[in-house]
1. Tell me which of these residue A:91 doesn't satisfy, since it passes every other one: (1) surrounded by fewer than 16 Cβ atoms within 10 Å (Cβ to Cβ); (2) part of a strand (DSSP E or B).
2. Please tell me if residue B:73 is at pLDDT below 95, closer than 15 Å to residue B:29 by Cα and in contact with a Ser or Thr (Cβ under 7 Å, 6 or more places away or on another chain).
3. Yes or no: residue B:39 within 14 Å of chain A (Cβ to nearest Cβ), touching a residue at least 24 places away in the same chain (Cβ under 8 Å) and among the acidic types (Asp, Glu)?
4. Give me the pairs: first residue in region B:81-100 and touching a residue at least 24 places away in the same chain (Cβ under 8 Å), second residue of a type outside the set (A, V, I, L, M) and assigned to a helix (DSSP H, G or I), beta-carbon distance under 6 Å, and six or more apart or on different chains, which are they?
5. Quick one: which of A:80, A:75, A:99 is more than 14 Å from chain B (Cβ to nearest Cβ), surrounded by fewer than 19 Cβ atoms within 10 Å (Cβ to Cβ) and not in a strand (DSSP E or B)?
6. Are there any strands (runs of 3 or more DSSP E) wholly within region B:1-41 with 1 or more residues that are among the hydrophobic types (A, V, I, L, M, F, W, C) and closer than 11 Å to residue B:103 by Cβ, and if so which?
7. Go through A:42, A:16 for me and flag whichever is at pLDDT below 95 and either within 11 Å of chain B (Cβ to nearest Cβ) or loosely packed, with under 12 Cβ neighbours inside 10 Å (or both).
8. Can you confirm whether residue B:98 is at pLDDT below 95, under 24 Å from residue A:97 (Cα atoms) and touching a Ser or Thr at 6+ places or on another chain (Cβ under 8 Å)?
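The values are calculated or read from the model by the stated rules, or taken from the named source; none is laboratory data. Fair warning: this is a prediction, and the values are worked out from it, not measured in the lab. All Cβ positions, even for glycine, are placed from backbone atoms using ideal geometry, and neighbour counts span all protein chains on display.
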Amino acid sequence: NAGVTQTPKFQVLKTGQSMTLQCAQDMNHNSMYWYRQDPGMGLRLIYYSASEGTTDKGEVPNGYNVSRLNKREFSLRLESAAPSQTSVYFCASTLKDNSPLHFGNGTRLTVT
Amino acid sequence: KQEVTQIPAALSVPEGENLVLNCSFTDSAIYNLQWFRQDPGKGLTSLLLIQSSQREQTSGRLNASLDKSSGRSTLYIAASQPGDSATYLCAVRKGQGAQKLVFGQGTRLTINP
């Protein structure tokens, strides 16, 4: 039972490069989320998808785009990476709002 | 605006002790509250979810309580073990929708053998 799988685990980018963070869940969950976690800032919501075919901005969406490819997959794209985007990125999913939230193991991204 | 506070930021106790972790929130009109643990370099693992209508939830050595009127939740860990060492976070859901989930900063717990 894989749960929420994120790839890659680690990534180093140069300023201006682009990349896509992948997330897939095998729990048939409806909602999926992208968070970033920074020391002293806690977890901040970047984008979320309440159901297949819908996406919405969270607290810190600037510099990111997302795609809900199907019910299982929700990707996060950085079009032109900046050092301020150095962070640990977590994907999460849930069946519905009164259900537990399940997290992946994160992607540690460094932008130089 | 809902704010979630966890004090202390770090706690160190000897093995075998019973301990309580605290989570305070400013708006008592919540939908549910969830406790997570996070091990270094890992994601968050859900421990307990308390719905607004519930007062407590139990799982093994863990017991979480919810007092909406005072804006508090506690996570009780019985007979602590070194394997319980982790950061514990609480998250309060104010309503339906991802934007309504607010996380605390966490308490870093160390259990000393």
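1. (1)
2. no
3. yes
4. Listed by first residue and then by second, the contacts come to B:93/B:100; B:94/B:100.
5. From the options A:80, A:75, A:99, the qualifying one is A:80.
6. B:19-25, B:32-38
7. Result of the check over A:42, A:16: A:42.
8. yes
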